[in-house]
Amino acid sequence: MPLTRRGKAMAEALPAATFKSSGSFGCEIVRHEELCVGCGRCATSCPSGASQRGESFDVKQLLSAPPDSRRGALAAALRRIARHEPEAPIDVPPRVTTYRTIAYEADRCLGCGTCARACPVDAIEARPPRAAP
Amino acid sequence: MTALAKAIEPAAARPDNDQRSIVAFCCRECAYAAADTSANARTPLPSSVRLVLVPCSGRVSPLHMLSALAEGADGCMVAGCLEGQCHYREGNFNAIDRVRFVQRLLASVGVEPERVRMFTMSAGEPPRFVAAVREMDRVVRGLQPLRRS
C-alpha cells in the first residue's frame, strides 16, 4: 500500500530513512486458493475490505483442492463425471455461501496479516515485506 | 462417513431390471410422507428410482448430489416441502439454491444440468410426488447414460 502524506513525512523524518526507498509497509499477502475452504473469515476480519466474498466460484480452484479435504471429495466426484475442463467461473446462488472464490484486491490491502491469522487452514501466507529494490 | 453418505452408494447402484438409476432425496416431513401414502395406495413408481430419506431437504449438500451421480446414478432429485412450508423454516430454500449451484457446476464441465432437479410438494399430495418421479424418470430416459471415468 502506498504511503499517506503523513506517513511519508514521518518516514522522511527518520534518521536512517530506510523506508523511503521501499515505498510500502506491511506484509506481502500470498493466497493459496487451492487450500481455501470458503469459510470467509478472511473477508469478515479484513479491516480494509480488501478480501471480500465474491459472487462467483472458480471451478478450477475446486478441482485443485487437496484430496483429503471436503472440497477435494466434491472435486473427485465432479472429475469422475466431467466431460471437459471447466470453462468460466460460475455464478453462485445467494444461499450457497461456502463455494465462493474470495475476491482479493491488492490495492486496498494494508498488509496487516489479520486474514492470515484468521484463516483456519493456513491458505493465506503473510510474508515479510519485500526488501527495497 | 455419515449415515447419509453411506446410504448414497447402494441407492445409486443401477437396478437389475432397469437401464437408468435415479436417486431421490426425500424430506421426512413432506416428500417421504407423500411417497409413503402413494406406496400404501399401491401406485407403481418407475423402477429406476431409489428413495433416500433425509430429515429435511436442507440436509442434502452438493457433495451428496454429486457423489450420487459419481457412484452410478444417472439422475438425482431432491424433494422437499412447499416453499415457505419447510418444517425447519428455510431448509428447502437452501436446497433450492444448492441444486441450482450443482446444476451450474455440472453445466460448466459439460454434463446436462437437467440430471439434478428440485421438486416441492406437501405431505398430502401423493399424486404430485408420483408425477415428480415420473417426470424425472422421463427426463433421465431422454438422456444418454452418464459416462464415468
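Laboratory data are not the source of any read-out in this text; all were calculated from the coordinates shown. Fair warning: this is a prediction, and the values are worked out from it, not measured in the lab. All Cβ positions, glycine included, derive from the backbone under ideal geometry; neighbour counts span all protein chains shown.
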Check your understanding: By how many degrees, 0 to 90 and rounded to 10, does the Cα axis of helix A:70-81 deviate from the longest principal axis of chain A?
Key -> 50 degrees
Exercise for review: Just grab the label-to-label distance for residue B:17 and residue A:125, each label 7 Å out from Cα along the Cβ direction, in nm (one decimal).
Suggested key: 6.0 nm
Revision key, fill the gap. Filtering chain B for DSSP H helices with an axial alpha carbon extent of at least 24 Å and a Kyte-Doolittle mean of at least 0.0 returns B:91-108
Exercise for review: Choose one of A:64, B:124, B:143: the residue whose Cα lies farthest towards the positive end of the charge dipole of the protein assembly as shown (beta-carbon charges +1 Lys, Arg; -1 Asp, Glu; about the Cα centre).
Suggested key: A:64
Point to revise | Structure-based [θ]222 nm, the protein assembly as shown - -39500 (n - 2.57) summed over DSSP H runs of at least 4, per residue, nearest 500 | key: -10500 deg cm²/dmol
Exercise for review: State the percent of C-alpha pairs, over all pairs in chain A, separated by a distance greater than 21 angstrom.
Suggested key: 51 percent
Check your understanding: What is the distance in Å between the Cα centres of segment B:42-88 and segment B:2-18?
Key -> 12 Å
Exercise for review: When a/c is below 1.5 the answer is rounded, else prolate if a/b is larger than b/c, else oblate, so apply that to chain B with a ≥ b ≥ c taken from the square roots of the Cα gyration tensor eigenvalues.
Suggested key: oblate
Practice item. Output the lone cysteines of chain A: those with no second cysteine's C-beta under 4.7 Å from their C-beta. Key: A:27, A:36, A:39, A:46, A:109, A:112, A:119
Practice item. Starting from the Cα of residue B:149, step 7 Å along the direction of its Cβ; do the same at residue A:108; then give the gap between the two resulting points in nm. Key: 3.8 nm
Review point. From the Cα gyration tensor of segment B:74-126, with a ≥ b ≥ c the square roots of its eigenvalues, which class applies: rounded if a/c is under 1.5, or else prolate if a/b is larger than b/c, or else oblate?
Key: oblate
Point to revise | Virtual spin-label span in nm between residue A:68 and residue A:56, 7 Å along Cα→Cβ | key: 3.3 nm
Review point. What does the convex hull of the Cα atoms of the protein assembly as shown come to per residue, in Å³, rounded to a whole number?
Key: 142 Å³
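Listing A:55, A:34 from the residue with the fewest other Cβ atoms within 10 Å to the one with the most, what is the order?
A:55, A:34
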**Study point:** Dipole axis of segment A:5-127 (+1 Lys, Arg; -1 Asp, Glu on Cβ), positive-most option in A:75, A:111, A:47
**Key:** A:47
Check your understanding: Once you average over the residues of B:12-18, how many Cβ atoms of partner chains fall within 10 Å of each Cβ?
Key -> 0
